[in-house]
Each structure stands twice: as structure tokens, then as C-alpha cells.
Amino acid sequence: NDDTIPKNHWLEELYSVLAKNDDVGACSPVMQAGYYQKSPLQLHAATWHLSTSSNPMILDRAMIDEDKFVSVIGGFCFLAKKEALLQVGMFDDQYKNSCEDIDLSLKMRTAGWHLKVCHKSVVFHIAGKSRFKIFSNTNIKMSRELLRLKWGADLTKYNLK
């Protein structure tokens, strides 16, 4: 996203995880977040789980001190293998600046790819800033409905156990 600030060596660390793991299709950094138009509280947040609530992707605020397999990666920043993206058909452009990361994650997982968070790669993300820019074409309600139609109302079945 255009609202991210990567820390030193973030890309090399993501690449290293993909190079060492043949079955990992995409890798995400640990996210340090501040919230747009809210207090600049920083927190380490690296993983998400899928939910049946109105927000299908819920942030887990656990500290990440080792690389971790995850159910879904956030679209704020990630590195993916070209072969994985080509196999699953890239992003679905029907989504409007919301839920496309969940859809891509689920397509990769159901195609047999694993997703990982790299604990040595850190990116600061001003959460929500790019989503609400003028002319961003964001449509959260429509995107969540499309996700529900494609993957079902209970996304929790895709959470790693």
C-alpha cells in the first residue's frame, strides 16, 4: 500500500522465507500499525483470523517472535510467488479496495499453498489511509457481500487449527 513504511531489510527477509519454503505461496511482514485519524498508538500486529462478523478479517494482536503459518495475509504488504499467483488467477478485480486480500489468501490455501508471516520483516502501516482516499473506488459493503457469496458466510472454517 501507499500508506506503508518498511523497516530495513524487510524485502530480503520476505524473499528468504519464500526461497526456503517450496509450499509457501505468499509471505507477509509483521505489521506495526497506527490508525488513520485516530491516536497514533503503535502495536505489533501480525496475523488475522477469519470471522463470521460483519468484518471478515479480525486482527490478532499477538507478538510474533518466529515465522508463523497463517490463515490469511493482509493486503497492506506481502510478497508472493509468481507461480502461485498465476495458478490462482491473481486478484479478483470485482472487489473494490476491500476483501481482495482475503479472497486471494483463500484461493491460494485451497490450491494447496501455505501462507506465512515473517517475523524478521517489519512494515509500519497507517491503517485505513489508502482505503478512504478520494477516488479510491472503495466499496466495503459490496466487497464483503461478494466474499460471502464466493466463500460462504462462515469463513471461520478456513482458519488454521
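The values are calculated or read from the model by the stated rules, or taken from the named source; none is laboratory data. Predicted model, so just to flag it, every value in this text is computed and none were measured. With ideal geometry, Cβ positions are generated from the backbone for all residues, glycine too; neighbour counts draw on all protein chains shown. SASA here: full protein model, heavy atoms, side chains in, ligands and nucleic acids out. Shrake-Rupley method; radii C 1.70, N 1.55, O 1.52, S 1.80 Å.
A few remarks follow.
- Elements of type strands (runs of 3 or more DSSP E) in the range 50-161, at least 1 residues being open to solvent by 60 Å² or more (accessible area, probe 1.4 Å) and either of a type in the set (V, I, T) or touching a residue at least 24 places away in the same chain (Cβ under 8 Å) (or both): 68-70, 114-127
- Failed item in (1) touching a Leu at 6+ places or on another chain (Cβ under 8 Å); (2) modelled with pLDDT of 95 or more, with K107 passing the rest: (1)
- Of all the numbered requirements in (1) surrounded by 14 or more Cβ atoms within 10 Å (Cβ to Cβ); (2) modelled with pLDDT of 90 or more, D22 misses one, and that requirement is (1).
- Residues being over 11 Å from the mean Cα position of the chain (by Cα) and under 23 Å from L18 (Cα atoms) - total across the range 107-129: 16
- Annotation note: Cβ proximity below 6 Å between a residue of the range 1-24 that is part of a helix (DSSP H, G or I) and a residue that is modelled with pLDDT of 95 or more and open to solvent by 40 Å² or more (accessible area, probe 1.4 Å) (sequence gap 6+ or interchain) occurs for L14/L79.
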